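The values are calculated or read from the model by the stated rules, or taken from the named source; none is laboratory data. Just so it is clear, the model here is predicted, and its values are computed rather than measured. Quick reminder, even Gly has a Cβ in these numbers, built from the backbone with ideal geometry, and neighbours come from all protein chains shown. SASA here: full protein model, heavy atoms, side chains in, ligands and nucleic acids out. Shrake-Rupley method; radii C 1.70, N 1.55, O 1.52, S 1.80 Å.
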Amino acid sequence: FGEPPHLPDISIIVPLYKRIDLLQHQLAQFASDPELSEADLIYVLDSPELSTTTLAEAARLFELYRVPFRIATLSRNGGFAVANNRGASLAEGRLLLLLNSDVLPASSGWLSRLAGLHETTPRVGALGPKLLFEDDSLQHAGLYFRRSAPWAAWENAHYFKGLHRDLPAANVPRAVPAVTAAC
């Protein structure tokens, strides 16, 4: 939908599973950020039964918000990893950003700030921003792995989850064992 950017620096992969209403929320936020028109934005529909409805809604949303994007429809539900991998196989950007459909940026310029941090941080493989809940508490500030007991399965845990967004320790770039694919 729309004219794709010529030689985009960043491809953004957004899996859509069932909640196609989130497409409108995200595009409404993206419309106020001129950087998003320069990104290769790819939505991957992992609910093929919603294909007709999604494509009709996508055409309407492009006319309303004017943010160019593509939609790839999978032939069957393959799950989150498959949707991201299929989207990545279509990506044209030098950098790849995985983004959940329910993640909404707080302000314009977030994409270039992430890309800039990636470019200026030696030996970084992947990075993830601080993600917030609607009440301004921390949802993600990096992941680590833990076991509740030596015989228990490993679980992922989120640094500072539920604490206030201004917590100093959550506001400095640092190495962590993992980041979320939510962004």
Of Pro105, Pro34, Pro122, which is the most mobile in a GNM of the chain whose springs link Cα atoms less than 10 angstrom apart?
Pro122
For a bin width of 5 Å, list the pair-distance distribution of the range 40-137 built from all Cα-Cα distances, rounded to whole %.
2, 10, 18, 20, 21, 16, 9, 3, 1
Where Rh is the Kirkwood radius over the Cα pairs of the range 1-91, the temperature 4 °C and the viscosity 1.567 mPa s, what D in µm²/s does Stokes-Einstein return?
99
Ala59 label point, 7 Å along Cα→Cβ, cut-off 19 Å on backbone N: hits in the range 1-42?
1-4, 20-21, 23-24
The chain accessible area per residue, 1.4 Å probe, protein heavy atoms, integer Å², reads 57
Residue by residue through the range 57-66, the couplings from Karplus 6.51 cos²θ - 1.76 cosθ + 1.60 with θ = phi - 60°, in Hz, x for Gly and Pro, are 5, 4, 4, 5, 5, 5, 4, 6, 9, 6
Cβ-based charge dipole, the chain, positive-most Cα from Pro15, Leu55, Tyr159:
Tyr159
Estimated inter-spin distance, Thr120 and His25, nm [label 7 Å along Cα→Cβ]
3.2
Taking +1 at the Cβ of each Lys and Arg and -1 at the Cβ of each Asp and Glu, which of Ser101, Leu117, Pro177 sits farthest along the dipole of the chain towards its positive end, judged by Cα position relative to the Cα centre?
Pro177
Val82 label point, 7 Å along Cα→Cβ, cut-off 19 Å on backbone N: hits in the range 40-57?
43-52
Under a 5 Å amide H to amide H cut-off, with H placed in plane at 1.01 Å, what residues pair with Leu41 once short-range neighbours are removed?
Ile12, Arg70
Through the Karplus equation 6.51 cos²θ - 1.76 cosθ + 1.60, θ set to phi - 60°, convert the phi angles of the range 92-99 into ³J(HN,Hα) values in whole Hz; use x for Gly and Pro.
10, x, 6, 10, 10, 10, 8, 9
Estimated Rh, the chain: Kirkwood, alpha-carbon pairs, angstrom
17.5
If you average the C-alpha positions of the range 1-31 and of the range 46-90 separately, how far apart do those two centres end up, in angstrom?
9
